[in-house]
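Comments concern the structure below.
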Amino acid sequence: VLTNHFLDSLSCVKSIDMSKVKTMIDIGTGAGFPGVPLKIAFPHLQACLLDSLKKRVNFLEESFQLLGLTDITAIHGRAEEYARNKEYREQYDLCVSRAVSNLATLSEYCLPYVKKGGSFMAKKGEARENITLKCPVCGEKNYRKSKNKRNTTERLELNKYCSRCQKHTMHKEEK
């Protein structure tokens, strides 16, 4: 449990400077991984954990009280629905998710939450996926993707608007 859940949740700190992250959302948090370990390790974070099952959200809210955590909320709902809500859309420095879906689908769920200049980090299994995201208008590629050598963290740094045409760039490249 310590290695597979807690330490794995914290492994993303190898890829991002957490002192620059003020707000974080964990999509499909389940039992609170990686969101709760990140909040414990970095108490300055304002964290939001989103899950589609109410019983998990209830468990998380009780856990926050027992652990004495502040500036952390758990919300019940679907990622694709909350992404349309202005209160959540483009509001977070960091969006994390662990074992939710394939990377293409997960990107579509998570990227709307990330503010310009923020990051999306997906914890995936050993089989790694390659995905190219590009501007649907001019084809300019606006995402930089990097992987840690020792673990399976995928990082997409978000440049919300195409530098060439100033349009949103949140589409998977079609082959």
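Could you tell me which numbered condition residue 9 fails, if it satisfies all but one of (1) over 21 Å from residue 87 (Cα atoms); (2) surrounded by fewer than 18 Cβ atoms within 10 Å (Cβ to Cβ)?
(2)
Kindly check whether there is at least one residue in the range 83-90 that is outside any loop (DSSP other than H, G, I, E, B) and open to solvent by less than 70 Å² (accessible area, probe 1.4 Å).
No, there is no match, as no residue in the range 83-90 is outside any loop (DSSP other than H, G, I, E, B) and open to solvent by less than 70 Å² (accessible area, probe 1.4 Å).
Out of 71, 93, which single residue is open to solvent by 10 Å² or more (accessible area, probe 1.4 Å), in contact (Cβ under 8 Å) with a residue 60 or more places away in the chain and acidic (Asp, Glu)?
93
Take the range 12-30 and flag every residue that is of a type outside the set (S, T, N, Q), open to solvent by 50 Å² or more (accessible area, probe 1.4 Å) and in a helix (DSSP H, G or I).
13, 14, 20
Would you mind telling me which numbered condition in (1) within 13 Å of residue 28 (Cα to Cα); (2) open to solvent by less than 20 Å² (accessible area, probe 1.4 Å) residue 111 fails?
In the conditions (1) within 13 Å of residue 28 (Cα to Cα); (2) open to solvent by less than 20 Å² (accessible area, probe 1.4 Å), residue 111 misses (1) alone.
May I ask you to verify whether residue 75 is at pLDDT 95 or above, β-branched (Val, Ile, Thr) and in contact with a Leu (Cβ under 7 Å, 6 or more places away or on another chain)?
Here the answer is yes, as residue 75 does meet what is asked.
Filter the range 97-108 down to the residues that are open to solvent by 10 Å² or more (accessible area, probe 1.4 Å) and touching a Leu at 6+ places or on another chain (Cβ under 7 Å) and list them by number.
The one that is open to solvent by 10 Å² or more (accessible area, probe 1.4 Å) and touching a Leu at 6+ places or on another chain (Cβ under 7 Å): 100.
Which members of the range 31-53 meet the condition of being among the aliphatic types (A, V, I, L, M), within 19 Å of residue 19 (Cβ to Cβ) and open to solvent by 60 Å² or more (accessible area, probe 1.4 Å)?
40
Need the failing condition index for residue 117 against (1) out of contact with any Cys (no Cβ under 9 Å at 6 or more places or on another chain); (2) open to solvent by less than 50 Å² (accessible area, probe 1.4 Å); (3) of a type in the set (Gly, Ala, Ser), just the number.
Failed condition: (2).
The values are calculated or read from the model by the stated rules, or taken from the named source; none is laboratory data. Just so it is clear, the model here is predicted, and its values are computed rather than measured. Backbone-built Cβ (ideal geometry, glycine too); neighbour counts: all protein chains shown. SASA here: full protein model, heavy atoms, side chains in, ligands and nucleic acids out. Shrake-Rupley method; radii C 1.70, N 1.55, O 1.52, S 1.80 Å.
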